[in-house]
Amino acid sequence: MTLPNTPPHKWQFVATALAERDRTHRRRTLSVLMPVDAIHVRKGTGDRLLINFSANDYLGLSKHPQVIAQAIDYTQRYGTGATASRLVAGSFDIHRNLEHQLAQALGTEAALLFGTGFQANATVLPVLLDKDALVLCDRLVHNSLLQGIRASGARFVRYAHNDLNALEFQLQKHQNKTYSRVMIVSETVFSMDGDRSDVPALVELSDRYGAILYLDDAHAFGVLGPEGMGLAANMPGVDIIVGTFGKACGASGAFVACSEAVRDHLINFCAGVIYTTALSPGVVGAVEAAIVLFPSLEAERQHLLGESEWLRLQLNQLNYSTAGSASQIVPAIVGPEDKTLALAAWLETQGCLATAIRPPTVATGTSRIRLALSCQHGRSHLTQLVTAIEVWDYPSGSTGLN
Ligand SMILES: Cc1ncc(COP(=O)(O)O)c(C=O)c1O
């Protein structure tokens, strides 16, 4: 074998990968935004005001005076950072109080805080699974869940999206095999389609087949369920609930709600708990205030869900599929990447920030504008958006990839 005289430049792989992203209209870039209020941002160096239809601040709490005040109060009393991991010297009374508050609201024995939802899913699943386990997971689950499952080395089957017959078929098929354990993994509200899973049916199946039920409630927490506590709350058959504070709480961070025994297990074995700095006091304060507010925001939730329904009807009338959306997340499926980017760019000229979501985040051919509503969006904001979509004129013959 002869070696080439000039080996490829050591960073050639970066240029090659990015060029491929350009070619397929899948290159991702960061835009600089300046938040103004819960639903407006200014973009770039200019001062163009845009209505934000792409944030997950579903209840507008990132700008709520009580949430901000408690973040400031805890920062002043406890400092800007927790200064250590929970296990070393970073576990304060406010962390423990928030965990108790969560467990009580969700009807679980215990809860444990995490730095982010991504970190929770990516590091908890490898602790609860091993290479002899079987995981049955909805085809559309979030990347963080896939990361955790893959890292565990468990046998892994993705069942058709929200298809409980397909799930049961897999449970039956694997029933007589000797796995260390079987786990069902799903979301309650799917992040890109905005549809819901049937939580009681998942509980029934997991009970019947003795499987562990792990549900990611990130997009329902604060928005759906009694007192806004999510779709997995107070459901005894749900073994593990993951929720994030970066969405309806308007902050950042996450929790795992589970039994005391599982909490202890995670404290002992989960790298995402052990080897990381505890949540900052300001974040803990904001989250605590947000969760106290949740029960009082029923009218806001009704408004949010009502406007989401209205938006779906308008988009369907304009011949956009909204997939199975049944929540505040309303996708307008466009199809090709370039066409979706063109629509997002057009909407920006019309005063609407509505980001294009493309593969590999969603399946090829289903690029979309993912609209995520806030209770602070009113009919006039939505009308501005729908009108802009309606009058958009995409040159014929330019759909599809080059
Ligand atoms: C379903 C789901 N789980 C987890 C996450 C990650 O949460 P976080 O933003 O707190 O890392 C997200 C958000 O991106 C999500 O949509």
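The values are calculated or read from the model by the stated rules, or taken from the named source; none is laboratory data. Remember, predicted model here, so these are calculated numbers, not experimental data. Heads up, the Cβs are rebuilt from the backbone with ideal geometry, glycines too, and the neighbour counts pull from every protein chain shown.
Some notes on this structure:
- Verdict on Val273 being under 23 Å from Ile149 (Cβ atoms), outside any helix (DSSP H, G or I) and assigned by TED's automatic domain parsing to the domain that holds Glu109: no
- Selection of the stretch 117-170 for residues being β-branched (Val, Ile, Thr), closer than 14 Å to Ser186 by Cα and away from the ligand (no atom under 14 Å from the Cβ) yields Val135, Val157.
- In this structure, Leu279 qualifies as in contact with a His (Cβ under 9 Å, 6 or more places away or on another chain), in a loop (DSSP other than H, G, I, E, B) and within 14 Å of the ligand (Cβ to nearest atom).
- Among the residues making up the stretch 252-261, those that are away from the ligand (no atom under 12 Å from the Cβ) and in contact with a strand residue (DSSP E or B) (Cβ under 7 Å, 6 or more places away or on another chain) are Ala257, Cys258, Ser259, Glu260.
- When residues of the stretch 237-251 are limited to those that are surrounded by fewer than 24 Cβ atoms within 10 Å (Cβ to Cβ) and of a type in the set (Gly, Ala, Ser), the one farthest from the ligand (Cβ to nearest atom): Gly237
- Among residues of the stretch 203-236, those that are in contact with a strand residue (DSSP E or B) (Cβ under 6 Å, 6 or more places away or on another chain) and more than 15 Å from the ligand (Cβ to nearest atom), counted: 4
- The residue list Ile333, Ile369 contains one member that is outside the structural domain of Ala218 (by TED's automatic domain parsing), outside any loop (DSSP other than H, G, I, E, B) and in contact with a helix residue (DSSP H, G or I) (Cβ under 8 Å, 6 or more places away or on another chain), which is Ile369.
- Within the stretch 29-37, none of the residues are outside the structural domain of Val223 (by TED's automatic domain parsing), over 18 Å from Ile357 (Cβ atoms), among the small types (Gly, Ala, Ser) and away from the ligand (no atom under 16 Å from the Cβ).
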